[in-house]
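Below: one structure, written as structure tokens.
The values are calculated or read from the model by the stated rules, or taken from the named source; none is laboratory data. Please read all numbers here as calculations on a predicted model, not as lab measurements. Cβ coordinates were reconstructed from backbone atoms using ideal geometry, including for glycine residues, and neighbour counts include every protein chain displayed. Side chains are part of the model used for accessible areas, which takes the heavy atoms of the whole protein and leaves out ligands, DNA and RNA. Shrake-Rupley method; radii C 1.70, N 1.55, O 1.52, S 1.80 Å.
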Amino acid sequence: WLQSAEVYDHALRKWSFLPSLGVQRDRCAAVGLSLGTGAATVLVLGGSSHPPSDEASLSENGAGKRSSSPLAPGIVDLSTCEALSIPLGEAQLDRANWIVAPQLKTPRCSFGAVAVGGVVLAIGGEASGTVERLSVAGRGGGWEEVAKLPHPRIGGGAAACPLAAPPHHADTPKNRLG
């Protein structure tokens, strides 16, 4: 379980440490967001962690529920989320702070997440066969379940792909991958 976070600056080809997360996590997901505010936002979702010392605080602090995995007895699946806003061009990353973000409806670990079109999707996971959506464009509301998966997905990745093709120009190849 880690509480550390790093960011890669591709222009400088250098890794830098971010402030420590508020919760130690393993098997979590993260997405990067650009909300047009002059800052980049990193959102860390769910995961698993060591259980709190007493059972009552398991749900009180929003940690989640005990993992159903026989491979992880006593581990807690998390519903908590944390966000870090990094001003673009900011050299003082240590001045940034993680804040509590809206909690997932379903605690989950080993899942996919993607940000696209002003929403974040959390997909599947070890203890979940659902998809949840968080609207980040309007800065309001919380997570909502939007679909059930036909089959549970554990450790899956996620990618954003436009459903409508952009207009084709004569000087642009139709398929850049093949």
Within segment 101-149, which residues are buried (at least 18 other Cβ atoms within 10 Å of the Cβ) and on the phi > 0 side of the Ramachandran plot? SER110, GLY124, GLY125
Could you say whether any residue in segment 159-171 is open to solvent by 40 Å² or more (accessible area, probe 1.4 Å), under 17 Å from LEU43 (Cβ atoms) and modelled with pLDDT of 75 or more? yes
Quick check on my filter: what residues within segment 65-86 are among the small types (Gly, Ala, Ser) and at pLDDT below 70? SER67, SER68, SER69, ALA72, GLY74
Can you find a residue in segment 41-64 that is open to solvent by 20 Å² or more (accessible area, probe 1.4 Å), at pLDDT 70 or above and part of a loop (DSSP other than H, G, I, E, B)? yes
Kindly establish whether GLY155 is in a loop (DSSP other than H, G, I, E, B) and open to solvent by 30 Å² or more (accessible area, probe 1.4 Å). yes
Could you check segment 87-100 and list, in sequence order, the residues that are under 16 Å from GLN3 (Cβ atoms), open to solvent by 90 Å² or more (accessible area, probe 1.4 Å) and modelled with pLDDT under 85? ASP94, ASN97
